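Asks: One structure is given below, represented as C-alpha coordinates, and several questions about it will come after.
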Amino acid sequence: MTSITISQASELIWDLLQTLEDTYWEANTCDGKDQVFNLIRLLTNEYMELLKISVQDHHYEYEVITVSPHELLHTLEDFQLACHGLTRRQRTAEQLSSLLKRFNHHLHL
(Lines give C-alpha, C1' and ligand atoms only; values in the text may rest on other atoms or scores of the structure.)
Protein backbone atom coordinates (compact mmCIF):
# COMPACT_ATOMS: atom_id res chain seq x y z
CA MET A 1 0.00 0.00 0.00
CA THR A 2 1.13 3.48 -0.77
CA SER A 3 0.32 6.81 0.80
CA ILE A 4 -1.54 9.49 -1.09
CA THR A 5 -0.71 13.19 -1.25
CA ILE A 6 -3.16 15.98 -0.54
CA SER A 7 -3.19 16.80 -4.25
CA GLN A 8 -3.98 13.19 -5.20
CA ALA A 9 -6.66 12.96 -2.49
CA SER A 10 -8.29 16.16 -3.74
CA GLU A 11 -8.43 14.80 -7.26
CA LEU A 12 -9.74 11.42 -6.11
CA ILE A 13 -12.45 12.97 -3.94
CA TRP A 14 -13.46 15.30 -6.78
CA ASP A 15 -13.76 12.35 -9.19
CA LEU A 16 -15.75 10.42 -6.62
CA LEU A 17 -18.09 13.37 -6.08
CA GLN A 18 -18.72 13.63 -9.82
CA THR A 19 -19.54 9.93 -10.03
CA LEU A 20 -21.73 10.11 -6.93
CA GLU A 21 -23.69 12.90 -8.58
CA ASP A 22 -24.40 10.58 -11.52
CA THR A 23 -25.28 7.84 -9.05
CA TYR A 24 -27.70 10.15 -7.26
CA TRP A 25 -29.61 10.88 -10.46
CA GLU A 26 -29.63 7.23 -11.47
CA ALA A 27 -30.94 6.00 -8.11
CA ASN A 28 -34.64 5.26 -8.35
CA THR A 29 -35.59 5.12 -4.67
CA CYS A 30 -35.61 7.75 -1.97
CA ASP A 31 -33.52 5.48 0.27
CA GLY A 32 -30.92 5.14 -2.47
CA LYS A 33 -30.82 8.88 -3.04
CA ASP A 34 -30.51 9.44 0.72
CA GLN A 35 -27.52 7.09 0.93
CA VAL A 36 -25.79 8.80 -1.98
CA PHE A 37 -26.57 12.26 -0.62
CA ASN A 38 -25.13 11.35 2.79
CA LEU A 39 -21.82 10.35 1.20
CA ILE A 40 -21.81 13.38 -1.10
CA ARG A 41 -22.29 15.64 1.91
CA LEU A 42 -19.47 13.99 3.85
CA LEU A 43 -17.03 14.08 0.93
CA THR A 44 -17.98 17.64 -0.03
CA ASN A 45 -17.06 18.80 3.47
CA GLU A 46 -13.75 16.97 3.21
CA TYR A 47 -13.08 18.41 -0.26
CA MET A 48 -13.86 21.95 0.92
CA GLU A 49 -11.34 21.60 3.74
CA LEU A 50 -8.70 20.33 1.33
CA LEU A 51 -9.27 23.39 -0.85
CA LYS A 52 -8.24 25.58 2.08
CA ILE A 53 -4.79 24.01 2.21
CA SER A 54 -2.05 26.00 0.55
CA VAL A 55 -1.00 24.72 -2.86
CA GLN A 56 2.56 24.70 -1.52
CA ASP A 57 1.53 21.98 0.92
CA HIS A 58 -0.22 19.69 -1.58
CA HIS A 59 2.76 17.34 -1.68
CA TYR A 60 2.25 16.32 1.96
CA GLU A 61 0.60 13.04 2.87
CA TYR A 62 -3.19 13.18 3.02
CA GLU A 63 -5.00 12.73 6.32
CA VAL A 64 -8.76 12.90 6.78
CA ILE A 65 -9.73 16.30 8.15
CA THR A 66 -13.48 16.61 8.76
CA VAL A 67 -14.30 13.31 10.50
CA SER A 68 -12.31 10.52 12.04
CA PRO A 69 -10.68 8.23 9.48
CA HIS A 70 -12.55 5.33 11.08
CA GLU A 71 -15.91 7.08 10.63
CA LEU A 72 -15.18 7.87 6.97
CA LEU A 73 -14.01 4.32 6.32
CA HIS A 74 -17.10 2.90 8.01
CA THR A 75 -19.39 5.18 5.96
CA LEU A 76 -17.65 4.19 2.72
CA GLU A 77 -17.84 0.48 3.54
CA ASP A 78 -21.54 0.74 4.44
CA PHE A 79 -22.18 2.60 1.21
CA GLN A 80 -20.34 -0.01 -0.85
CA LEU A 81 -22.51 -2.75 0.63
CA ALA A 82 -25.70 -0.80 -0.03
CA CYS A 83 -24.89 0.70 -3.43
CA HIS A 84 -25.42 -2.39 -5.55
CA GLY A 85 -28.32 -1.67 -7.83
CA LEU A 86 -28.28 2.10 -7.30
CA THR A 87 -26.70 2.88 -10.63
CA ARG A 88 -28.58 2.36 -13.87
CA ARG A 89 -25.62 2.60 -16.24
CA GLN A 90 -22.76 0.12 -16.31
CA ARG A 91 -20.19 2.90 -16.80
CA THR A 92 -21.33 4.66 -13.63
CA ALA A 93 -21.27 1.40 -11.66
CA GLU A 94 -17.73 0.63 -12.82
CA GLN A 95 -16.46 4.15 -12.09
CA LEU A 96 -18.08 4.16 -8.68
CA SER A 97 -16.66 0.78 -7.76
CA SER A 98 -13.17 1.70 -8.94
CA LEU A 99 -13.10 5.05 -7.14
CA LEU A 100 -14.48 3.64 -3.89
CA LYS A 101 -11.89 0.86 -3.94
CA ARG A 102 -9.07 3.36 -4.55
CA PHE A 103 -10.25 5.65 -1.77
CA ASN A 104 -10.78 2.77 0.68
CA HIS A 105 -7.30 1.46 -0.16
CA HIS A 106 -5.71 4.75 0.88
CA LEU A 107 -7.81 5.01 4.05
CA HIS A 108 -6.66 1.57 5.21
CA LEU A 109 -3.05 2.71 5.40
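Asks: Using the Cα centre of the chain as origin and beta-carbon charges of +1 (Lys, Arg) and -1 (Asp, Glu), tell me which of 53, 66, 97 is placed farthest towards the positive end of the dipole.
Replies: Among 53, 66, 97, the one farthest towards the positive end of the dipole of the chain is 97.
Asks: Under the rule of -39500 (n - 2.57) per DSSP H run of 4 or more residues, summed and divided by the residues of the chain, what mean residue ellipticity at 222 nm is obtained, to the nearest 500 deg cm²/dmol? The partial results should precede the final answer.
Replies: Values: 4 runs with 75 residues, N = 109.
Calculated from helices alone, the mean residue ellipticity at 222 nm is -23500 deg cm²/dmol.
Asks: So what's the net charge close to residue 51: Lys and Arg +1, Asp and Glu -1, counting the other residues with Cβ under 14 Å from its Cβ?
Replies: Working: positive: 52; negative: 11, 46, 49, 57.
Overall, the nearby charge balance is -3.
Asks: Something else now. I need the P(r) histogram for the chain: all alpha carbon pairs, bin width 5 Å from 0 out to the longest distance, whole percents.
Replies: That works out to 2, 12, 24, 25, 18, 11, 5, 2, 0, in percent per bin.
Asks: Using the Cα centre as the reference, give the magnitude of the dipole from point charges on the C-beta atoms of the chain (Lys, Arg: +1; Asp, Glu: -1; all else neutral), rounded to the nearest 20 debye.
Replies: Computed charge dipole of the chain: roughly 300 debye.
Asks: In terms of modelled amide H atoms, which long-range or inter-chain residues lie less than 5 Å from the amide H of residue 5?
Replies: Amide H to amide H, under 5 Å and 5 or more residues apart or across chains, residue 5 pairs with 62.
Asks: Distance in nm between label sites at residue 91 and residue 67, each 7 Å beyond Cα in the beta-carbon direction?
Replies: For residue 91 paired with residue 67, the spin-label model returns 2.9 nm.
Asks: Can you compute 3J(HN,Hα) from phi for each residue in the range 19-25, using the Karplus curve 6.51 cos²θ - 1.76 cosθ + 1.60 with θ = phi - 60°, rounded to whole Hz and x for Gly and Pro?
Replies: Those phi angles translate into 6, 5, 5, 4, 4, 4, 6 Hz.
Asks: A follow-up question, please. Just to confirm a number: summing +1 for Lys and Arg and -1 for Asp and Glu over residues other than residue 25 whose beta-carbon lies under 13 angstrom from that of residue 25, what do you get?
Replies: Here the count lands on 0.
Asks: Please compute the net charge surrounding residue 85, taking Lys and Arg as +1 and Asp and Glu as -1 over other residues with Cβ under 12 Å from its Cβ.
Replies: My count for the surroundings of residue 85 gives -1.
Asks: Another one. Between the range 1-44 and the range 53-90, what is the separation of their alpha carbon centroids in Å?
Replies: That distance is 7 Å.
Asks: Of all accessible surface on the chain at a 1.4 Å probe, what whole percent is carbon and sulfur?
Replies: The nonpolar share, carbon plus sulfur, comes to 51 percent.
Asks: Could I ask something else about it? Nearest 10 degrees, 0 to 90: what angle lies between the long axis of helix 30-51 and the longest principal axis of the chain (Cα atoms)?
Replies: In the chain, helix 30-51 runs at an angle near 10 degrees to the longest axis.
Asks: With a 1.4 Å probe and all protein chains kept in place, how do 10, 54 rank by accessible area, largest first?
Replies: Descending order: 54, 10.
The values are calculated or read from the model by the stated rules, or taken from the named source; none is laboratory data. Treat the numbers as computed from the prediction; the structure is a model and nothing was measured. Virtual Cβ from ideal backbone geometry, glycine too; neighbours counted across all protein chains shown. What goes into the accessible areas is simple: the full protein's heavy atoms, side chains included, and nothing from ligands, DNA or RNA. Shrake-Rupley method; radii C 1.70, N 1.55, O 1.52, S 1.80 Å.
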